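Enquirer: This is the structure I want to talk about, given as structure tokens.
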Amino acid sequence: MSKRAVNWLFLVYLFVEAGLVALVLLTGIRFSVLSSIILTQVILLVPTLIFLLVTKTKVSEMIPHKKLHPVTPLLCIVYTGLCMPLILVVNMISLLFVDNEATRMAAGMMGLPGWVMILAVGILGPVNEEFLFRGTFYGSYRKTGRILAAMFMSAFLFGLTHLNFNQMSYAIVMGILAVLLIEATGSIVSSMILHACINTFSVLVTLLQRNIISEGNGNAREMIEEMMPGVSFTRIMLMAIFVYGMIALAATTLAVLLLVGISYIEKRNVEFFNIFKKQKKTEGEKKETLWSIPLGIAVVLSFAYMIIEVLLPA
């Protein structure tokens with residue numbers, strides 16, 4: 001699949017999702033929480049499969065896959081743990097400006113059994129999303145030879161697809177971390193492990209805080225202020241950002257060192273270091289842009305929706 005085709009694909013996602021929202025508003029149809037989760041994943045998967053068939057793209061040629069060293073999956077889990085403080089800090093920074101959408105969504109899932117939440121949100125969702133964003137999108141952009149640009153673009157679109165500024169902020173960071181892991185291992189399985197660990201951890205935290213989240217109706221600001229009465233939410237966040245920022249600095253440094261170690265274990269250290277080297281251009285050669293008009297339209301519409309949602313909360 002070419003970068004032009006995959007850019008059209010993102011616009012298709014947006015229109016399919018918008019069409020579904022319009023259908024719900026016009027007909028009054030109500031979906032259960034579980035049905036909504038499944039439907040969201042179907043909206044992502046079905047258009048992708050259709051595009052792969054129409055463009056006659058071989059999945060095996062686009063998605064990085066190889067047999068991993070037996071110790072690599074365990075190291076991927078450790079890498080995820082080391083990256084969590086950074087993701088948490090980015091999330092907290094976003095909370096200074098917007099609401100915690102993940103907590104609100106968690107409040108709506110309180111009626112589901114724990115194992116269903118882990119299976120749907122913690123495992124199946126990440127596998128599907130990695131196939132799409134680190135497989136289809138990143139794989140297509142990577143063919144241009146602009147690996148770093150492909151990494152940032154695929155991470156940006158992964159964040160944008162959440163359609164809210166809070167989740168978008170740390171999803172972009174996670175997307176970058178996932179691509180780096182893929183380049184170090186040569187397999188998308190590694191990023192699936194990372195994504196599944198992050199989501200499963202979030203689900204487990206949600207289950208442990210089930211009563212608090214239910215009582216607060218998913219309003220993170222109110223829940224935090226109730227736990228520390230007399231202290232403003234902004235002050236609490238700034239203190240937390242400072243403390244966790246120090247932890248994130250040390251943990252992220254260790255994560256980078258571990259990433260390098262994984263690349264050596266998987267015998268991909270040369271390929272991994274090469275992605276950071278400046279490519280030499282022949283005279284008159286121009287960099288191939290990853291942008292196109294359809295993608296530009298999709299990005300503008302997405303940001304317009306997110307801004308309206310902030311200014312006119314439901």
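Enquirer: Residues Leu45, Leu23, Leu34, Leu53: which one is more than 27 Å from Gly111 (Cβ to Cβ) and open to solvent by 50 Å² or more (accessible area, probe 1.4 Å)?
Expert: On the way: Leu45 fails: more than 27 Å from Gly111 (Cβ to Cβ); Leu23 fails: more than 27 Å from Gly111 (Cβ to Cβ); Leu34 fails: more than 27 Å from Gly111 (Cβ to Cβ).
Within the list Leu45, Leu23, Leu34, Leu53, the selection yields Leu53.
Enquirer: Does Met117 meet the test of being part of a helix (DSSP H, G or I) and either free of Cβ contacts under 8 Å to residues at least 40 places away in the same chain or closer than 22 Å to Val90 by Cβ (or both)? Can you show your working first?
Expert: Numbers: part of a helix (DSSP H, G or I): yes; either free of Cβ contacts under 8 Å to residues at least 40 places away in the same chain or closer than 22 Å to Val90 by Cβ (or both): no.
It is false that Met117 is part of a helix (DSSP H, G or I) and either free of Cβ contacts under 8 Å to residues at least 40 places away in the same chain or closer than 22 Å to Val90 by Cβ (or both).
Enquirer: Right, another one. Checking the conditions here, which among Phe158, Phe137, Phe165, Phe152 is over 24 Å from Ala248 (Cα atoms) and either buried (at least 20 other Cβ atoms within 10 Å of the Cβ) or within 14 Å of the chain's Cα centre (by Cα) (or both)?
Expert: Phe137
Enquirer: Conditions first: (1) assigned to a helix (DSSP H, G or I); (2) closer than 21 Å to Cys197 by Cβ; (3) in contact (Cβ under 8 Å) with a residue 40 or more places away in the chain. Leu112 passes all but one, so which condition is the exception?
Expert: Checking Leu112 against (1) assigned to a helix (DSSP H, G or I); (2) closer than 21 Å to Cys197 by Cβ; (3) in contact (Cβ under 8 Å) with a residue 40 or more places away in the chain, the one that fails is (1).
Enquirer: Given the structure, is Thr40 open to solvent by less than 40 Å² (accessible area, probe 1.4 Å) and either under 22 Å from the mean Cα position of the chain (by Cα) or more than 24 Å from Cys197 (Cβ to Cβ) (or both)?
Expert: no
Enquirer: Which ones in region 157-184 are of a type in the set (S, T, N, Q) and part of a helix (DSSP H, G or I)?
Expert: To start, the set of residues in region 157-184 that are of a type in the set (S, T, N, Q) comprises 161, 164, 166-167, 169.
Matches in region 157-184: Asn166, Gln167, Ser169.
Enquirer: Separate question: Condition first: within 16 Å of Met168 (Cα to Cα) and open to solvent by 20 Å² or more (accessible area, probe 1.4 Å). Now tell me which residues in region 56-99 satisfy that.
Expert: Met84, Leu86, Leu88, Val90, Asn91, Ile93, Leu96, Phe97, Val98, Asp99
Enquirer: Are there any pairs, at least 6 apart or on different chains, whose C-beta atoms fall under 8 Å, with the first in region 127-156 and free of Cβ contacts under 8 Å to residues at least 24 places away in the same chain and the second open to solvent by less than 30 Å² (accessible area, probe 1.4 Å) and not in a loop (DSSP other than H, G, I, E, B), and if so, which?
Expert: Arg142/Ala150; Phe156/Gly175
Enquirer: Also: Among the residues of region 68-96, which ones are part of a loop (DSSP other than H, G, I, E, B), under 21 Å from Ala196 (Cα atoms) and in contact (Cβ under 8 Å) with a residue 24 or more places away in the chain?
Expert: Once the filter is applied, which keeps residues that are part of a loop (DSSP other than H, G, I, E, B), under 21 Å from Ala196 (Cα atoms) and in contact (Cβ under 8 Å) with a residue 24 or more places away in the chain, region 68-96 yields Leu68, His69, Val71.
Enquirer: So, in region 197-241, of the ones that are within 24 Å of the chain's Cα centre (by Cα) and open to solvent by 90 Å² or more (accessible area, probe 1.4 Å), which residue ends up modelled with the lowest pLDDT?
Expert: Leu208
The values are calculated or read from the model by the stated rules, or taken from the named source; none is laboratory data. All values derive from a computational prediction rather than experimental measurement. For neighbour counting, all protein chains shown are included, and Cβ atoms are generated from backbone atoms with ideal geometry for every residue, glycine included. With ligands, DNA and RNA removed, areas are computed over all heavy atoms of the protein, side chains included. Shrake-Rupley method; radii C 1.70, N 1.55, O 1.52, S 1.80 Å.
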